[in-house]
Structures are given as C-alpha cells and as structure tokens.
1. Considering only the other residues whose Cβ falls under 15 Å of the Cβ of residue 121, what net charge follows from Lys and Arg at +1 and Asp and Glu at -1?
2. Counting other beta carbons within 10 Å of each Cβ, put 241, 35 in order, fewest first.
3. Give the lysines whose C-alpha is closer than 24 Å to that of residue 173, dropping any in the same chain fewer than 8 places away, or say none.
4. Using only Cα atoms, locate the centre of the stretch 138-169 and the centre of the stretch 13-67, then give the distance between them in Å, rounded to an integer.
5. Can you sort 259, 199 so the residue with the fewest Cβ neighbours within 10 Å comes first?
6. Here is the link list: 216/248; 97/144; 97/216. Which ones come out longer than 19 Å on Cα distance?
7. Which order do 295, 64, 245 fall in if you start with the one that has the fewest other Cβ atoms within 10 Å?
8. State the Cα centre-to-centre distance between the stretch 202-278 and the stretch 72-101 in whole Å.
Amino acid sequence: MRLRYWADLRTLAFVATYFGLVTAQWIWAPKALALAIPLLVLTCFFSFFGAVATHNAVHSPVFEGRLMNRLFQVVLTLTYGHPVSAYVPGHNLSHHKHTQSRRDVMRTTKVRYRWNLLNGLLFAPRVSRDILKADMRYFVTMHKRNKPWFNQMAIEWVIFLGASAALLVLDWKKFLLYILIPHQYAAWGIVTMNLLQHDGCDEDSEYNHSRNFVGKVVNWFTYNNGYHTIHHMEPGLHWSLAPEEHAKRVAPYIHKNLDQPSLLAYIVRTFILPGGRKRYDGAPYVLPEEGPDEEWIPEASLAAIALEQTIHPDESPEAMTRRLFKAGTRSTRPRPISERLTMPLSASTTIQA
C-alpha cells in the first residue's frame, strides 16, 4: 500500500475531501443558500481535482502495488464521473502523441467562433463527441486484443454506473445536485484545460508547444498541472517534480508569454477583456484549415501496444515506465526523441493494454 511519492498524500487528502463534502451534503442537505452554494462550489472544485488526479494516475502510478492502483482507479472514477481507464485513448494515445494535428481528437482548432468566449465555453462539448466515437472503437478493439485492460475498464464502468443508479433511485434531487453537477463541471474543466494550454501555441516547436501557468496557488491545488510543457516532454514525470524540471529544462528556452503567472488573469484577458484569439507571441491567430479526424492509432499498431503494455510479472514500476516510454516514443515532430515519450503510465497498475 506504499505510495511511490509522498507528495501523493495530497492526492489522497483531496479525494477524501471530495467524498466528505458529498457525504455531508447528502446527509444534511443544507437549505440556507449562504451555506449550500459555497459547499456545492467546493464539491465541483474537488471533483475537478479528482479529474486532475485521474490525469496524473494514467501517466504515473500512485502506489507501488498493482492491486492498490487498480482499486484507486475505481475510487478516482467515482470522484469525477468517468472511468479512469477510458481517459487513456483520447489523452495518452491521441493528444500526447499527435498534439494539435488531425490525429489529435482534442485539438483546439475544432472551435472557430469569432467570439473567443464561446470557444472557451463550448470546446469541451465540441470535442467530447469525437472523443467518445474514437474511444468506443478503441474499447471494441481492446476487448479483442487485451482482455485484462478491457476488464479493468469494465469494472470501473460497472461500479460507477451501479453507484450512480443506486443514488439516483435513493434521492434523484440530491443525485443531480451533489453528484451529477460536480461531475459535469469536472469533465468540462479537465477538457477545457487543453484549450488553455495549447491554443495559439506552436505544435512544431521544441518548447513553445504548450502554455504554462506557473502561479503557486493554482499549482498547489492542481498538483502542478500548470507546468504543461515539461509534462509533454516527459509525461511519466511525477507531478511533484515538475516545477524543478520546468525551471531547468523549459524556462530558459521557452517564449516568455508561455509562462503565464496567473491562470485567472489569462482567462479574463483572453476570453473577456479585451478578449480575442492570438498566437502565443501576440500575432493574430490564423486558424489552419480544419478537416475530419485522421486515424490516430492504426489497427496494426494495437497489437503492438497491447504487447508492449502487458505487465511483466517481476518488473518494477520504474522499469516498466522506462519500457513503456521507449515503446511510446513520438517521432511525428522535430523534437528530441528522448523528450517525446507518451505512453499511458498507469499501465504498471491497470493499463495492461
């Protein structure tokens, strides 16, 4: 039951806080708006932190033991309302390997409204349908190619849907207010972060492909998720190490505008006042021609992925991580191959696909 990094005590504390908030509201159902609204907002935030923890878990396992990681993925599934295993195809295998190309189902150029606020608000629902279609095809293939991975995902779905159905029957009003709304916010928030961190960046640059938010407060609550460039360079790097690695390997080389000191100030400036969609260097953002999604994982490669991601019986998490990095090295960009490593790293625990 040992943690791989003690920093993940924060992850466990945040997950426990989410369940505590939901339980307290379900039992006492506060009627006074002065209490009910702040509690609901807090629940939404901690559900979102659960989504961020999910993102971290599919890149770097939380526990040393596989069983504990499998169980924790079920717990995380309940915090943000989506199976953790289902996060892998669209994020790890599409977005990380093919950032902002037509093989990236989450590319930001899919939203093209003149009013940038609409791009921010509607990005998540716009890409979600494409993510779902791609995910379903991947799930069907994994059912044939890699039963252990598919079974883990199925367990997460069954427990989540079963718990949701039970709570819905028990009290549908409380379910909508305390479960569904926070889950929807979390899903919207984690997908929208992709827009904030990549829109207007240079996907072909070695360093300027991602936008960072380096404020201390936002990174404390989001497990350093604001350090996005280093995350794309080394997805398996544990989140607690991101600030130090960013300072050494990114900050000296990245464009100054891609290290934003305040997430809130960036959102206001980009989407409200004065608003407007621009490149990271301040130039007008000329959207490339948009077209349909391209196949991001050829059928022939699925068998190789299943083989590469199968857990070796006596393999440590660290050795497995290095092997998966090697298997998932990205070469579709002119970045150093050693820095473009992108396979899903909860494989040491649940991703046996």
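1. Taking every other residue near residue 121 into account, the sum is +4.
2. Numbers: 241 16, 35 12.
Result, fewest neighbours first: 35, 241.
3. Within the straight-line cut-off, residue 173 pairs with 31.
4. 21 Å
5. Going from least to most buried by this count: 259, 199.
6. In this structure, 97/144; 97/216 exceed 19 Å between Cα atoms.
7. Fewest to most other Cβ atoms nearby, the residues stand as 295, 64, 245.
8. For the stretch 202-278 versus the stretch 72-101, the Cα centre distance is 20 Å.
The numbers here are math on the coordinates, done by the rules we state, and not lab data. The model shown is predicted, which means the values in this text are computed figures rather than measured ones. Methodologically, a virtual Cβ is constructed for each residue, glycine included, from the backbone with ideal geometry; neighbour enumeration extends over all protein chains shown.
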